[in-house]
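Report on the following structure.
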Ligand SMILES: Nc1ncnc2c1ncn2[C@@H]1O[C@H](COP(=O)(O)OP(=O)(O)OP(=O)(O)O)[C@@H](O)[C@H]1O
Ligand SMILES: [Mg+2]
């Protein structure tokens, strides 16, 4: 299942994140792809806030993984620096059924990704406009996407 939506400006992006948040729960894995500056960290911050994370979610480029407390534990990974590495940072422990994981640059940890996830590709259309392409792998995520499409109809 795939679903695509165009959003303009940070406030609409925040709305999209908060509508997505209503449809996810413990165990959710979200992969965020897109060019440098597409808005992966920005979307993570909005989603984190909606999930009740009070701390500012900065880009975890240097530690790769940062964990936060919200409605549940939220892990934020930025795998950009693993481009030339096949190191396993213990990803299995993070991708569990109690926590939520949000992964930037998942392409660099392909071999450690779980079977099922929600993948979001962000494309920069212009300074303020972004296209979000969602795709679901697995039935849990298909259900999430159907709900999202219903709550945030595409143009
Ligand atoms: N509609 C929008 N949605 C998301 N970000 C937007 C939007 N419009 C403008 N921006 C801006 O685009 C920039 C996105 O930067 P961000 O750090 O989130 O990108 P990134 O994809 O995480 O990049 P990197 O690959 O370097 O980690 C921010 O400066 C943000 O304010
Ligand atoms: Mg980022």
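The values are calculated or read from the model by the stated rules, or taken from the named source; none is laboratory data. Bear in mind the structure is a predicted one, so any value in this text is a computation, not a measurement. Using ideal geometry, Cβ is built from the backbone for each residue, glycine included, and neighbour counts are taken over all protein chains shown.
Only one of the numbered conditions (1) away from ligand 2 (no atom under 16 Å from the Cβ); (2) at pLDDT 95 or above; (3) more than 13 Å from residue 124 (Cβ to Cβ); (4) outside any helix (DSSP H, G or I) is not met by residue 3, and that is (2).
Which one of these is touching a residue at least 40 places away in the same chain (Cβ under 8 Å), out of contact with any strand residue (DSSP E or B) (no Cβ under 8 Å at 6 or more places or on another chain) and either closer than 19 Å to residue 27 by Cα or within 16 Å of ligand 2 (Cβ to nearest atom) (or both): 110, 146, 83, 123? Explain how you work it out, then say what you get.
Details: 110 fails: touching a residue at least 40 places away in the same chain (Cβ under 8 Å); 83 fails: touching a residue at least 40 places away in the same chain (Cβ under 8 Å); 123 fails: out of contact with any strand residue (DSSP E or B) (no Cβ under 8 Å at 6 or more places or on another chain).
One residue alone meets the criteria, 146.
From the list 27, 37, which one is part of a loop (DSSP other than H, G, I, E, B) and surrounded by 15 or more Cβ atoms within 10 Å (Cβ to Cβ)? Checking each option against the conditions leaves just 27. Return the pair list, or none, for Cβ contacts closer than 8 Å from residues in region 1-20 that are touching a residue at least 60 places away in the same chain (Cβ under 8 Å) and at positive phi to residues that are surrounded by fewer than 17 Cβ atoms within 10 Å (Cβ to Cβ) and outside any helix (DSSP H, G or I), at least 6 apart or on different chains. Taking only residues 6 or more apart or on different chains, the pairs are 9/128.
Taking the condition buried (at least 18 other Cβ atoms within 10 Å of the Cβ), closer than 21 Å to residue 16 by Cβ, touching a residue at least 12 places away in the same chain (Cβ under 8 Å) and more than 14 Å from ligand 2 (Cβ to nearest atom), does residue 94 pass? No, not satisfied.
What do you reckon, is residue 143 more than 16 Å from the chain's Cα centre (by Cα) and modelled with pLDDT of 95 or more? So residue 143 passes the test.
Per the listing 10, 16, the residue uniquely part of a helix (DSSP H, G or I) and crowded, with 20+ Cβ neighbours inside 10 Å is 16. Among the residues of region 126-137, those that are more than 16 Å from ligand 2 (Cβ to nearest atom) and touching a helix residue (DSSP H, G or I) at 6+ places or on another chain (Cβ under 9 Å) comprise 128, 129, 134, 135, 136.
May I ask you to verify whether residue 89 is more than 16 Å from ligand 2 (Cβ to nearest atom), crowded, with 16+ Cβ neighbours inside 10 Å and in a loop (DSSP other than H, G, I, E, B)? Reasoning before the result, please.
Values: more than 16 Å from ligand 2 (Cβ to nearest atom): yes; crowded, with 16+ Cβ neighbours inside 10 Å: yes; in a loop (DSSP other than H, G, I, E, B): yes.
Judged against the criteria, residue 89 is a match.
Check region 74-84 and report whether any residue there is away from ligand 1 (no atom under 16 Å from the Cβ) and either surrounded by fewer than 20 Cβ atoms within 10 Å (Cβ to Cβ) or part of a loop (DSSP other than H, G, I, E, B) (or both). Checking region 74-84: at least one residue is away from ligand 1 (no atom under 16 Å from the Cβ) and either surrounded by fewer than 20 Cβ atoms within 10 Å (Cβ to Cβ) or part of a loop (DSSP other than H, G, I, E, B) (or both).
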